[in-house]
Each structure stands twice: as structure tokens, then as C-alpha cells.
Ligand code: L5Q
Ligand code: ZN
Ligand code: CA
Ligand code: CA
């Protein structure tokens, strides 16, 4: 977290030219304060000068001398609700991006910096990092493929694979690497990340970030079919001009936005079918076809209609145009693998298993699971939280939070509140045992003793967090700590002696969406999540007479209650 100081722009500019006379002023009250005064400069100059001013002079001069700017603007967004302007940056070294770096800087209506999230690297200018690769991109791709296939078996078709030159900070050193990202569906869903040293060809680190995970004219039709829960649904589908068959290719129209929804069937089978149809279908699976308007595959009907519902939620509540906010087509594939007890986002699309019928029934049947997986798609396109350790737990938690909130929105206010994940498909032979995770009371769900958690249940405060290496550093475990905070913000309650006044679901989802899209960065952990939520609450529900609003106080109290305190 940056220090809260106001640096007049004139002084900040002189920093760049070698003067060390930087003035700091006392910060106003509250956790949100003005950081940097703008006058006269463009928004982009203000942001870059502000970030530059956060680096010690010697290092900052060296970066310039080395012939590059440390900060690169990657997105800009004006927020009409608050008249504020939001800029995301990443760090680079001689034009090569630094993995996991990122800042989110917020400007007020006068272009002053009032908030900044994301660590600024101090040592970049003092480091000597190789920038010339001695192995080729093809070599890096081959190395990654070999390792992936030694783990999951031969991959006949990658859903996507690319290698990008990236500087990777690892164990106290900067490495010039090719970051290889590979998406797979068969033989196993995966979203592999490989850091291949571009000077030696050695794999420095790797992880699987699977987020459980035509020219011809066609006519839109209305399809019908029973979903995985036995409910009749109607939905948008297509009559294919070439074959005369009806397919699960729909469109959602909202104002001037149109989003495609395509649902496919992996038919639980091996690679052969995929190879045949890959050229036509882009490796997503077989078409779900029918000669009538009736679609007879309940898992496919559920995946199709649930992705419409989740998209409606993001569109109506958050004014978001699909997962990338640019109208990308929503692709789902059902019947992945045999009795697979999971659902996933593989970096490109949703994947649903059929479940083994005991632990899970068809996972496509649960709308909150669709909301969870699709939120991973939103996160990839916004804060891009790294999928391990604390940032991974925040990533998982936001997927759960928007999973349950999208489901509750869809069911409407007359339905009972539901803060469980996956209850519609979890343990079909056991009634009333809720879902696989609970946001309202994480401690009601057991965890394998191998994790060594207190009472062998999911944690509901920071002190009980999991610090081992399983589950990418506990991403599906420690998420519960933030889940509980979100629940308390919405519904209120006493937790470890802290009283929290609930502020409703509607305000809670606005705060988390704003934190996710404007303030969280790839490396954000629990402390940054707290600060981002406080900032979002303060933007939406401003301080009065120097005192934080009820909404902001509630956010602070909820994070206090789960043991994530300020500083
Ligand atoms: C998980 C998504 C869900 N999957 N995957 C462990 O592995 C572990 C948990 C999950 F929607 F199916 F739940 O959350
Ligand atoms: Zn997930
Ligand atoms: Ca639920
Ligand atoms: Ca059950």
C-alpha cells in the first residue's frame, strides 16, 4: 500500500529532473486521501509522474537512462457515477512486461490522484536484466508442451497456446523468460503457465491456473428443453442453414449489445472426435443438435440457460457487456470427462463435468457454479489476480461472491437468501446439507485433516488461514475468509466479538464489483482487498463531515471481524 502523501505536480516533476525537495502534507482523515496534485498536466502524465515519484530517485533515473519507461498504461476508464477516472498500468523493463506487476490509479474530477493500488518495484533501475533471448519462442513452446504432456498425457489439440517474452521476478531475481500459457480440455482441462528461461531454456516455475475451470446464413429460433434439475426452459438457439438441424447457438440482446452463447458436448470421449470437428468448431466439442425445437440434453440446457442468467446479472447490475466487457461469446462444454466432479474456466470457456452421481450430480445444473466460473472470466479481464496464495484466494472468493449474488439476483428477492455454493448439485442423495462451501458460515463445511486446519473446517478468520502448498496455496480454502467478510457486509452480524451492520446485497455487490474492476491488481492479497473495498465504498457512499459513511464503516468492521485489519 502506498504512503498517503500529497505531492504537488511541480515538485514531482522536479523529482524527475534531479531535485530531491519533495513536500509531504498531512493526510486528511479517513482511509481514503488525496495523494498527488495534478494542475495542468494530462491524466496520463499525472499517473506516470505520480508512479515515478514513488520510486527512489537513483533507481528512477537509472530506468530512464537505461532507455525505457517503467510504467505502461494498459487501460483507462471514466466513471460517470462519480466523475472519477481510472488508469491501470503495468511495469516493464526496456519494453518487456514484468510478470504480476500492476497498479490501479484513480483521479478525481480535477485530475488529482486520490487513490493508488499495487506495489511499485523499487529496484528495477538498479538491476541488470538480460533482454536478448537466446532460445526461440518455438523452443519454449516445445519445452512447455513436453512437460504438460508428461503430466496429463498426449494433447492432440490445444484450445490455445502462446509464448510471450516476460520478465519474471522469482526468488529475489529477475529472469528473462517466455511465459507460455496453454489451455486444454482433453485429456484433462488445464490452464498451464510455464516460465521458460529465455537464456538457458530451463523451466524456472510452472503452475496450472485452471479455474475450476460461418459463412452460412442461420436463423434464430426458440429452443425448449428440460434442464438438469428437471425444469422446462425456453432459450435462444439457431437453425443451421447447411444441415437444417437446430443447434445450441443463442444470442442475448440487451440494448445495443449482443452476446453469443454457444454450448457444446464433449461426449465424455477421447481426442478422436475433437480432431475431426476441431477445424469447424474451434476445439470446443460436438454440436448439441436436434431436428425439432426440443433439446434433449439436460446438462447442455442448464449450461446454456445458466450462462444467459449470469450474463443478464452482469449486464443489468453492473452494466458489463459479457465477460470481457466487449461482448465476447460465452462458450460452454458439458459432459467433460467421465464422472468428473468439477466445473472449470480454462482461460477461454466454461467446462462442466457430469459428477459421479454421489458427490455431485451434473455440475451444469447449479447456477451459482456457472456464476463462479464466469466470474473467473471477468477477473481475467480486470484485476487478473494471480492464481496462487493470497491473490488466488481473493480470486476464488470473488468467484464465490458473484456466484451466489448472481444466483440470488436471478431468483429474486422473494426467494430465501442463499449463501451456499452448489447446493443444487451437491450430494444428490443427501437432502438439506447445503453446498460444497458456505459463505455465511464457512466453518460448517469439513476439510480433510491433511490440511491441518483448526477443527478441520474452512477458516473464517485470517489467523486460521492455511499456509501450506496444497491447492495452489489454499486458494479454495482461504477464500472463505473473504467470503465471510462479504457475507457480513451484506447481512451483518457479530463475528469474534465484532458487530457488523449489514448494508444489503445490492450495496455489497456494487462495492465488490468496483473494487474488482477499478482497484485490485494481480498481486493483491487480503490487505489490499480490504483497502480496495473501503475505497470502493467511500467512492459510492462518500464521507460526510469528515466521517466515513455507514457503508464504509461496515466494510471496515467486516474486515476487522475476519482478522484483516488496516496496516
Ligand atoms: C471448485 C468450482 C465449483 N470448483 N475446484 C478443490 O477444486 C477445488 C474446489 C474447486 F464451482 F465446482 F465449485 O471450487
Ligand atoms: Zn474457481
Ligand atoms: Ca447457491
Ligand atoms: Ca445434498
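If you check residue 355 against the conditions, is it modelled with pLDDT under 95 and out of contact with any strand residue (DSSP E or B) (no Cβ under 8 Å at 6 or more places or on another chain)? Criteria met by residue 355. Selection of the stretch 330-380 for residues being within 29 Å of residue 317 (Cα to Cα) and away from ligand 2 (no atom under 16 Å from the Cβ) yields 330, 331, 333, 334, 362, 365.
The set of residues in the stretch 121-138 that are surrounded by 16 or more Cβ atoms within 10 Å (Cβ to Cβ) and out of contact with any strand residue (DSSP E or B) (no Cβ under 7 Å at 6 or more places or on another chain) comprises 125, 135.
Could you check, for the stretch 190-206, whether at least one of its residues is over 30 Å from residue 92 (Cβ atoms), within 26 Å of the chain's Cα centre (by Cα) and away from ligand 3 (no atom under 16 Å from the Cβ)? Checking the stretch 190-206: not a single residue is over 30 Å from residue 92 (Cβ atoms), within 26 Å of the chain's Cα centre (by Cα) and away from ligand 3 (no atom under 16 Å from the Cβ). Cβ-Cβ distances below 8 Å connect the following pairs, each with a first residue in the stretch 205-227 that is more than 30 Å from residue 191 (Cα to Cα), a second residue that is modelled with pLDDT under 90, and a separation of six or more residues or different chains: 216/240; 216/241; 216/242; 217/241; 218/240; 218/241; 219/241. Checked against (1) at pLDDT 95 or above; (2) over 20 Å from the mean Cα position of the chain (by Cα), residue 385 meets all criteria but (2). Of the listed requirements (1) buried (at least 24 other Cβ atoms within 10 Å of the Cβ); (2) assigned to a loop (DSSP other than H, G, I, E, B); (3) within 14 Å of ligand 2 (Cβ to nearest atom), residue 383 misses just one: (3). Selection within the stretch 80-91: residues that are in contact with a helix residue (DSSP H, G or I) (Cβ under 8 Å, 6 or more places away or on another chain) and modelled with pLDDT under 90. The member of this set that is surrounded by the most Cβ atoms within 10 Å (Cβ to Cβ) is 82. If you go through the stretch 428-452 and keep only what is in a loop (DSSP other than H, G, I, E, B), within 27 Å of residue 500 (Cβ to Cβ) and within 14 Å of ligand 1 (Cβ to nearest atom), you end up with 434, 435, 436, 439, 445, 447.
Does residue 118 count as surrounded by 13 or more Cβ atoms within 10 Å (Cβ to Cβ) and in contact with a strand residue (DSSP E or B) (Cβ under 8 Å, 6 or more places away or on another chain)?
Numbers: surrounded by 13 or more Cβ atoms within 10 Å (Cβ to Cβ): yes; in contact with a strand residue (DSSP E or B) (Cβ under 8 Å, 6 or more places away or on another chain): yes.
Considered against the rule, which asks whether it is surrounded by 13 or more Cβ atoms within 10 Å (Cβ to Cβ) and in contact with a strand residue (DSSP E or B) (Cβ under 8 Å, 6 or more places away or on another chain), residue 118 comes out as yes.
Kindly establish whether residue 392 is more than 16 Å from ligand 4 (Cβ to nearest atom) and surrounded by fewer than 24 Cβ atoms within 10 Å (Cβ to Cβ). No: the conditions fail for residue 392.
Scanning the stretch 430-457 for residues that are in contact with a helix residue (DSSP H, G or I) (Cβ under 8 Å, 6 or more places away or on another chain), at positive phi and either within 14 Å of ligand 4 (Cβ to nearest atom) or at pLDDT below 95 (or both) turns up just one, 434.
The values are calculated or read from the model by the stated rules, or taken from the named source; none is laboratory data. Not measured: the values here are computed from a predicted model. Reconstructed Cβ throughout: ideal geometry from the backbone, glycine too, with neighbour counts over all protein chains shown.
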